[in-house]
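What follows is a single structure, written as C-alpha cells, with notes after it.
The values are calculated or read from the model by the stated rules, or taken from the named source; none is laboratory data. This one's a predicted model, so the numbers in the text were calculated from it and none came from an experiment. So basically every Cβ, Gly included, is an ideal-geometry build from the backbone, and we count neighbours across all protein chains shown.
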Amino acid sequence: MSETDVRPETQLDGPSIQITGLNKWFGAFHVLRDIDLEVAQGERIVVCGPSGSGKSTLIRCINRLEEHQEGMIIVDGVHLTNDLKQIDAVRSEVGMVFQSFNLFPHLTVLENCTLAPIWVRNQPKAEAEAAAMEYLERVKIPEQANKFPGQLSGGQQQRVAIARSLCMRPKIMLFDEPTSALDPEMIKEVLDVMVDLAESGMTMLVVTHEMGFASQVADRVIFMDEGQIVEQNSPQEFFNNPQSDRTKLFLSQILSH
Amino acid sequence: MTQAFFRQKDQMLGERPPPASTVGIVGWLRTNLFSNWINSLLTILSLYILWSSVPSLIEWAFLEAQLSGEDRFSCSEGAACWAWLDQRIGQFLYGLYPSKETWRIDIAFVLLFPALAPWLIENIPGKTWLRRFSFIYPFIAAWLLVGGWFGILDSVTTNNLGGFALNLTVGLAGIVLSLPVGILLALGRQSRLPLIRWFSVIFIETVRGVPLITLLFVSNIILPIFLPPDVALDAVIRVIIMVSAFASAYMAEVIRGGLQAIPKGQYEAAAAMGLSYWQSMRLIILPQALKISIPGIVNTFIGLFKDTTLVIVIGLFDILGIANAMVSNPDWLGLSSETYVFVALFFFAVCFSMSRYSIRLERKLDTDKR
C-alpha cells in the first residue's frame with residue numbers, strides 16, 4: 001500500500017470547514033446528533049457508515065442543500081445562516097458531485113461545464129469554454145465536449161460532473177457516493193480522476209464505500225451511525241485496528257465478500 | 001457436466017442484414033396493414049369505405065358544384081353550392097371592417113410572418129433584428145387594425161373587426177400572453193412564499209372552475225371594477241384579457257405537471273453551483289419542464305384558438321358568427337353544410353399546423369437519445 005500512497009503533506013493554515021454542535025431533524029427524526037468536525041485545508045476525508053446513518057445529510061449541510069436547526073457551520077470563513085448571500089458565497093466555493101450525476105440533459109457536456117462560470121462568475125464565454133476544455137481533458141473526455149449527457153456512459157457522465165464542478169475552481173469538493181450508481185467496469189475510471197484530484201491538494205469530503213480509495217488517499221476516515229460520528233481515525237488504524245464494536249461489525253460486513 | 005465453450009476474438013459473429021420480408025414496401029405492408037387476420041380484415045373494410053365514399057364526396061364538393069351565382073336559387077340540389085363564397089368571402093375574412101380599409105388587415109397579416117419566424121425557425125438570418133421587430137409588432141398591428149393615432153389612418157371601431165381576422169387576433173394575443181402568465185402561475189403555485197402561492201392557487205382554481213362563456217359575460221361587469229371609472233375598455237381587449245386569463249390557468253397546470261417531472265437532483269445541482277432561483281429556473285428547470293409539457297401546451301393553444309368563436313356571446317362577429325348570420329339569411333338559407341365545412345377548414349388548417357410544428361419541435365429538443 002505504501003508505494004501507491006499519494007498523500008501530499010496537508011497544509012494547516014486555518015480550518016477549511018468547521019462544524020460545531022450540529023444537530024438536524026427531518027420532522028421528528030433526529031438525523032444528525034451533536035456533530036463536531038474540523039477539516040483542514042487540503043485535507044481528504046472519507047465518510048462511511050450504514051445507509052440512513054446521516055453521512056449524506058452531513059455533507060449536504062455543508063453547502064446548505066439541507067438546512068440545520070442547531071449548531072454552527074463555518075465554510076472557508078463564511079458562517080452558514082439563512083442569509084442568502086452567505087449561502088451563495090459558500091456554494092460558489094464548494095463543488096459537489098452527486099450519486100446520480102445530475103448533469104443537465106438539455107445542455108451539451110461543454111455547456112454543462114460553462115454554465116455556472118458564465119452566469120455565476122460572469123466569465124466571458126470564450127474564457128469559460130477554454131477552461132472547461134482544460135478540465136474535460138483532465139478527466140480524459142475532451143472528445144465528448146459536444147455530445148449530450150444522455151449519449152455518455154455512467155462513468156463518463158460522472159467524470160463530466162466532476163469537471164463541471166471544477167470549472168468553478170472550488171476550494172472544497174464534496175462527493176456524495178460518486179460511484180454507487182455505476183457499473184463495476186466504470187468505477188475505476190471515476191476513482192482514478194478522484195485520486196488525481198486528491199494528489200493536486202484539493203480539500204475533499206467523500207461519502208463512499210470504496211475502502212480501497214479510502215486507504216489510498218484519505219487523511220482521515222470517519223465512521224457514522226445513527227446520526228453521530230462513532231469513530232474517526234487514520235485509514236491504517238481505522239481498517240486494521242477499529243475500536244468500536246459498531247465499526248468492527250460494519251467493516252466485517254463490507255469487507256467479507 | 002457443463003459443456004465448455006468459448007469464442008476467441010477472431011471467431012466473434014459479424015453483423016447480418018435483417019430478413020428481406022421485414023424491410024421495404026412488402027415489409028411495411030406486412031407489419032402495418034396485414035400483420036394478422038383482424039388487421040387484414042380492417043384494411044380491406046377501410047379500403048371499401050374509402051372507395052364507396054370518396055368519389056361521391058369529390059363529386060358533391062367539386063365536380064358538380066355551383067361556383068358562382070347571385071343567391072341559393074342559382075344552385076341545383078344534390079351538389080355543393082359555393083356561389084356565396086364569391087359574394088361573402090370578404091365578410092368571412094374581415095367581418096364588418098370597412099372594405100376600402102381591409103388592406104390594413106392584409107398588411108398586419110403579412111407582417112405577422114417576420115414577427116413569428118425568429119421564434120419558430122432556429123437558423124434564420126437576421127434573428128436578433130427580427131426578434132426586436134417581433135416585440136414592436138403587436139403595436140404596429142394594433143395601430144393598423146384600429147388606426148387613429150396621429151390621424152394617419154382612419155380609425156375603425158373594433159366592433160367592426162370580425163371574421164377570421166378577429167379569430168386570429170384574439171387567438172394570437174391569447175397564445176402570446178397565456179404562456180408567460182401560465183409559467184409565472186405555475187412557479188407561483190410552487191413558491192415558498194404563502195402570499196404568492198395562495199394568489200396563484202386562487203387564480204387558477206377560480207378561473208379554471210368557471211366556463212369561459214361566463215367569464216366573457218361578466219367581463220362587462222368585473223373588469224371595470226379594477227379600472228378607473230372613466231376608462232371604458234374596448235370589447236376586443238376585454239375578450240383578449242379573459243381568453244388569456246382562462247388559457248393561462250390551464251397552462252399553469254400543464255406546466256406544473258412538467259415541473260414535477262424534473263428530478264430533484266436538477267434543482268440541487270443548480271443550487272450547488274451557486275445559481276440563483278431565477279437563473280436555475282430559466283437555464284435549467286424551465287427548458288426541460290416546457291419541453292416535457294409541449295403536448296399539453298399545444299393542446300391548450302388549440303383549445304384557446306377554437307374558443308375564440310365564443311366572442312359571439314358579447315356581440316362580436318368572428319368567422320363562425322358571420323357563418324351563422326349568412327346561413328339564416330333568406331338568400332342563402334339551407335347552405336349550412338357548405339358554410340360550416342368552409343369555416344371548419346380554416347380552424348383545421350391553423351390547429352393542424354400548430355400540431356405538426358410542435359411535433360417537429362419535440363423531435364428537435366429530444367436530446368435524451370441520439
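The table that follows gives values for the structure above.
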item: Subset of the stretch B:109-132 that is in contact with a Lys or Arg (Cβ under 8 Å, 6 or more places away or on another chain) and surrounded by fewer than 15 Cβ atoms within 10 Å (Cβ to Cβ) - its residue that is modelled with the lowest pLDDT; result: B:GLU122
item: Residue that is closer than 30 Å to B:LEU85 by Cβ and modelled with pLDDT of 95 or more, where the choices are B:PHE301, B:PHE246; result: B:PHE301
item: Of the criteria (1) closer than 28 Å to B:VAL311 by Cα; (2) crowded, with 19+ Cβ neighbours inside 10 Å, which one B:ARG189 fails; result: (1)
item: Single residue of A:GLY52, A:GLY42 found to be more than 11 Å from every other protein chain (Cβ to nearest Cβ), surrounded by fewer than 17 Cβ atoms within 10 Å (Cβ to Cβ) and part of a loop (DSSP other than H, G, I, E, B); result: A:GLY52
item: Qualifying residue in the stretch B:104-118 (condition: in contact with a Cys (Cβ under 8 Å, 6 or more places away or on another chain), in a helix (DSSP H, G or I) and outside the structural domain of B:ALA323 (by TED's automatic domain parsing)); result: no
item: Residue among B:LEU233, B:LEU179, B:LEU215 that is within 19 Å of B:ILE292 (Cβ to Cβ) and touching a helix residue (DSSP H, G or I) at 6+ places or on another chain (Cβ under 9 Å); result: B:LEU179
item: First in the stretch A:76-101 and on the phi > 0 side of the Ramachandran plot, second anywhere and at pLDDT below 95 and polar (S, T, N, Q), Cβ under 7 Å, 6 or more apart; result: A:ASP76/A:SER16
item: Looking only at the stretch A:178-192, and only at residues there that are touching a Gly at 6+ places or on another chain (Cβ under 6 Å) and not in a loop (DSSP other than H, G, I, E, B), the one that is farthest from A:ILE141 (Cα to Cα); result: A:MET186
item: Subset of the stretch B:74-103 [charged (D, E, K, R) and assigned to a helix (DSSP H, G or I)]; result: B:ASP86, B:ARG88, B:LYS100, B:GLU101
item: Number of the exception - B:THR214 against (1) touching a residue at least 12 places away in the same chain (Cβ under 8 Å); (2) over 30 Å from A:PHE101 (Cβ atoms); (3) within 25 Å of the chain's Cα centre (by Cα); result: (1)
item: Unmet requirement for A:ALA130, which otherwise passes all of (1) part of a helix (DSSP H, G or I); (2) within 21 Å of the chain's Cα centre (by Cα); (3) surrounded by fewer than 17 Cβ atoms within 10 Å (Cβ to Cβ); result: (2)
item: B:THR308 vs. criteria within 20 Å of the chain's Cα centre (by Cα), of a type in the set (Ser, Thr, Tyr), assigned to a helix (DSSP H, G or I) and in the same structural domain as B:PHE217 (by TED's automatic domain parsing); result: yes
item: Residue match in the stretch A:3-24 (condition: acidic (Asp, Glu) and modelled with pLDDT of 90 or more); result: no
item: Residue list for the stretch A:123-156, filter: among the hydrophobic types (A, V, I, L, M, F, W, C) and facing another protein chain (nearest Cβ under 9 Å); result: A:PHE148
item: Candidate set from the stretch B:250-272 (those that are touching a strand residue (DSSP E or B) at 6+ places or on another chain (Cβ under 9 Å) and either more than 10 Å from chain A (Cβ to nearest Cβ) or among the aliphatic types (A, V, I, L, M) (or both)); member that is farthest from A:ASP88 (Cα to Cα); result: B:ALA269
item: Residues within the stretch A:83-122 that are assigned to a loop (DSSP other than H, G, I, E, B) and either at the interface with chain B (Cβ under 9 Å from one of its Cβ atoms) or surrounded by 18 or more Cβ atoms within 10 Å (Cβ to Cβ) (or both), tallied; result: 13
item: Matching residues, the stretch B:26-43, being within 35 Å of the chain's Cα centre (by Cα) and assigned to a helix (DSSP H, G or I); result: B:TRP28, B:LEU29, B:THR31, B:ASN32, B:ASN39, B:LEU42, B:THR43
item: Selected residue (criterion: farthest from B:LYS364 (Cα to Cα)) from residues of the stretch B:287-297 that are more than 9 Å from chain A (Cβ to nearest Cβ) and surrounded by fewer than 21 Cβ atoms within 10 Å (Cβ to Cβ); result: B:GLY296
item: Options B:LEU275, B:LEU283; residue that is within 10 Å of chain A (Cβ to nearest Cβ) and assigned to a loop (DSSP other than H, G, I, E, B); result: B:LEU275
item: Within the stretch B:1-24, tally of residues that are aliphatic (A, V, I, L, M) and at pLDDT below 85; result: 3
item: When residues of the stretch A:213-242 are limited to those that are out of contact with any Ser or Thr (no Cβ under 8 Å at 6 or more places or on another chain), touching a residue at least 12 places away in the same chain (Cβ under 8 Å) and assigned to a helix (DSSP H, G or I), the one surrounded by the fewest Cβ atoms within 10 Å (Cβ to Cβ); result: A:SER215
item: Selected residue (criterion: farthest from the other protein chains (Cβ to nearest Cβ)) from residues of the stretch A:62-76 that are touching a Leu at 6+ places or on another chain (Cβ under 7 Å) and in a loop (DSSP other than H, G, I, E, B); result: A:HIS68
item: Residue match in the stretch B:329-336 (condition: more than 14 Å from chain A (Cβ to nearest Cβ), in a helix (DSSP H, G or I) and in contact with a Phe, Trp or Tyr (Cβ under 9 Å, 6 or more places away or on another chain)); result: yes
item: Condition met for A:LEU166 (buried (at least 20 other Cβ atoms within 10 Å of the Cβ), at pLDDT 95 or above and of a type in the set (A, V, I, L, M, F, W, C)); result: yes
item: Some residue of the stretch B:344-359 being surrounded by 11 or more Cβ atoms within 10 Å (Cβ to Cβ), closer than 30 Å to A:LYS147 by Cβ and either within 14 Å of chain A (Cβ to nearest Cβ) or touching a residue at least 40 places away in the same chain (Cβ under 8 Å) (or both); result: yes
